[in-house]
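*Asks:* Mind looking over this structure? Questions follow.
The values are calculated or read from the model by the stated rules, or taken from the named source; none is laboratory data. As the structure is a computational prediction, the values presented were derived from the model and not from experiment. Glycine also receives a Cβ, built like all others from the backbone with ideal geometry; neighbour counts cover every protein chain displayed. For accessibility, only protein heavy atoms count, side chains too; no ligands or nucleic acids. Shrake-Rupley method; radii C 1.70, N 1.55, O 1.52, S 1.80 Å.
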Amino acid sequence: MLICKVIGNVWATRKEETLSGEKLMVVQRMDLDEKVSDEIFIAIDCVGAGIGEQVLVTTGSSARMALRNKNAPVDASIVGIIDEVQAQTKS
């Protein structure tokens, strides 16, 4: 899983049928020190996240499983909204 920050929405009136009704969000990857990286991508929102929130994103086949549709063309899903991260990192 990845720690990301939601930075925007994607509106697509026409999309693949299995994505109908799904919320698409723009997310930016973060490190443990809450610094954002240059990696920005689109993820399906499974938990009702909003812009500015830190989220957990799963990728690959796990992203489709989170959506509960193994045939959907999805490679990233938001599966959690982060309240707090506690971790010790090497200095």
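*Asks:* Give the number of residues within segment 39-71 that are part of a loop (DSSP other than H, G, I, E, B), under 30 Å from residue 90 (Cβ atoms) and open to solvent by 40 Å² or more (accessible area, probe 1.4 Å).
*Replies:* 2
*Asks:* Let me ask something else about it. Test each condition in (1) touching a strand residue (DSSP E or B) at 6+ places or on another chain (Cβ under 7 Å); (2) free of Cβ contacts under 8 Å to residues at least 40 places away in the same chain; (3) not hydrophobic (A, V, I, L, M, F, W, C) for residue 50 and report the one that comes out false.
*Replies:* Unmet for residue 50, out of (1) touching a strand residue (DSSP E or B) at 6+ places or on another chain (Cβ under 7 Å); (2) free of Cβ contacts under 8 Å to residues at least 40 places away in the same chain; (3) not hydrophobic (A, V, I, L, M, F, W, C): (2).
*Asks:* Within segment 27-38, how many residues are modelled with pLDDT under 95, part of a strand (DSSP E or B) and either open to solvent by 60 Å² or more (accessible area, probe 1.4 Å) or in contact with a Gly (Cβ under 9 Å, 6 or more places away or on another chain) (or both)?
*Replies:* The number of residues fulfilling the criteria is 2.
*Asks:* Quick one: in segment 1-26, of everything that is at pLDDT 90 or above, open to solvent by 80 Å² or more (accessible area, probe 1.4 Å) and of a type outside the set (D, E, K, R), which residue is farthest from the chain's Cα centre (by Cα)?
*Replies:* Checking each candidate, the answer is 11.
*Asks:* Also, I was wondering about something else. Restricting to segment 76-91, what's the tally of residues that are open to solvent by 60 Å² or more (accessible area, probe 1.4 Å) and within 17 Å of residue 26 (Cβ to Cβ)?
*Replies:* Here the count works out to 1.
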